[in-house]
Amino acid sequence: MKLMFLGAPGAGKGTQAEIVSEKYSIPAISTGALLREAMANGTELGTLAKKYVDSGSLVPDEVIIGLVKERLAEKDCANGYILDGFPRNVSQAEALDQMGIKLDLVIDIHVSDERIVKRMSGRRVCKDCGRSYHTESSPSKVEGVCDVCNGELLFRKDDDPVVVKHRLEVYHEQTEPLINYYSKKGVLVTVEGQEEKAETTKLTLAEIDKVRNK
Ligand code: ADP
Ligand code: ZN
């Protein structure tokens with residue numbers, strides 16, 4: 001099963017991707033998390049990506065496409081995967097097509113801009129493993145500490161309200177056209193993002209079941 005989560009920054013796609021990953025034992029591949037990891041490790045990729053990520057712009061296509069190609073070639077992707085944050089514009093989607101990859105389902109999690117701006121202030125990310133949390137909708141068991149690896153939870157620099165505004169603009173201009181792109185391929189569903197994370201998960205899993213039972 002090859003899935004992709006689409007949705008504005010902060011719509012909750014990372015959280016849903018992790019839940020689906022655990023349920024079906026297929027990896028969730030977050031390009032944002034891969035970039036943050038590279039930035040934290042100070043690799044060449046991280047150094048290159050930093051100015052784009054911190055300012056809320058997209059990292060150049062050739063960089064991100066190369067990164068995804070490498071990741072999808074790893075063994076754990078053999079039985080499927082969940083893409084979170086890729087593709088993020090039409091040329092990245094075309095690159096995926098050219099790699100011969102056919103997505104079974106693209107789930108667009110819809111949340112209004114207004115609610116997104118409110119939500120962003122609660123986002124936290126583990127500095128060691130990259131797992132995302134939210135102080136209200138998906139808190140860690142111990143405040144400020146990652147459930148998975150005990151790493152420290154930090155506020156993302158690009159979650160600053162000014163940067164969030166820019167990320168939303170980038171989303172509407174570059175990423176939203178993918179709704180039409182994948183609708184035309186007949187693989188798109190929209191899930192209305194709920195206040196309760198578990199409610200969004202229910203809707204998401206119901207859509208996945210429909211595809212699995214086909
Ligand atoms: P969110 O979905 O909350 O915006 P992500 O963690 O998916 O956050 O992405 C964070 C940042 O990483 C983006 O603002 C962008 O700079 C970069 N990024 C992630 N995925 C891509 C991609 N597919 N193409 C270009 N840049 C990307
Ligand atoms: Zn962690």
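The values are calculated or read from the model by the stated rules, or taken from the named source; none is laboratory data. Being a predicted model, the structure only gives us computed values, none of them experimental. Ideal geometry is used to build each Cβ from the backbone, glycine not excepted, and the neighbour counts take in all protein chains shown.
A few comments on the model shown:
- Qualifying residue in region 161-172 (condition: of a type in the set (K, R), within 12 Å of ligand 1 (Cβ to nearest atom), within 16 Å of the chain's Cα centre (by Cα) and part of a helix (DSSP H, G or I)): yes
- Residue within region 152-159 that is part of a loop (DSSP other than H, G, I, E, B), of a type in the set (D, E) and at pLDDT below 95 present: no
To keep it simple, each residue is scored yes or no on (1) away from ligand 2 (no atom under 16 Å from the Cβ); (2) surrounded by 14 or more Cβ atoms within 10 Å (Cβ to Cβ); (3) modelled with pLDDT under 95.
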{"position": "A49", "(1), (2), (3)": "yes, yes, no"}
{"position": "I65", "(1), (2), (3)": "yes, yes, no"}
{"position": "R71", "(1), (2), (3)": "yes, yes, no"}
{"position": "G85", "(1), (2), (3)": "yes, yes, no"}
{"position": "I109", "(1), (2), (3)": "yes, yes, no"}
{"position": "D113", "(1), (2), (3)": "yes, yes, yes"}
{"position": "G122", "(1), (2), (3)": "yes, yes, yes"}
{"position": "K127", "(1), (2), (3)": "no, yes, yes"}
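- Which numbered condition S140 misses (of (1) hydroxyl-bearing (S, T, Y); (2) outside any loop (DSSP other than H, G, I, E, B); (3) at pLDDT 95 or above): (2)
- Subset of region 164-181 (residues that are within 14 Å of H110 (Cβ to Cβ) and either touching a Phe, Trp or Tyr at 6+ places or on another chain (Cβ under 7 Å) or aromatic (F, W, Y) (or both)): Y171
- Tally, over region 130-158, of residues that are within 14 Å of ligand 1 (Cβ to nearest atom) and farther than 21 Å from E196 by Cα: 6
- Here N89 qualifies as within 17 Å of the chain's Cα centre (by Cα) and among the polar types (S, T, N, Q).
- In region 152-175, the residues that are over 16 Å from L58 (Cα atoms) form Cβ pairs under 7 Å with partners that are part of a helix (DSSP H, G or I), at six or more places apart or across chains, as follows: P161/V117.
- Positions within region 186-207 being surrounded by fewer than 13 Cβ atoms within 10 Å (Cβ to Cβ) and either under 16 Å from M4 (Cβ atoms) or of a type in the set (G, A, S) (or both), in sequence order: G186, A198, A206
- Condition check for D147: in contact with a helix residue (DSSP H, G or I) (Cβ under 9 Å, 6 or more places away or on another chain), surrounded by 13 or more Cβ atoms within 10 Å (Cβ to Cβ) and among the charged types (D, E, K, R): no
- Condition broken by A40, with the remaining ones in (1) exposed (fewer than 14 other Cβ atoms within 10 Å of the Cβ); (2) touching a strand residue (DSSP E or B) at 6+ places or on another chain (Cβ under 8 Å); (3) closer than 26 Å to Y133 by Cβ satisfied: (2)
- Strands (runs of 3 or more DSSP E) lying entirely in region 1-117 (those with 2 or more residues that are within 12 Å of ligand 1 (Cβ to nearest atom)): 2-7, 28-30, 81-84
- Test: residue in region 181-193 that is modelled with pLDDT under 90, away from ligand 2 (no atom under 16 Å from the Cβ), assigned to a loop (DSSP other than H, G, I, E, B) and of a type in the set (G, A, S): no
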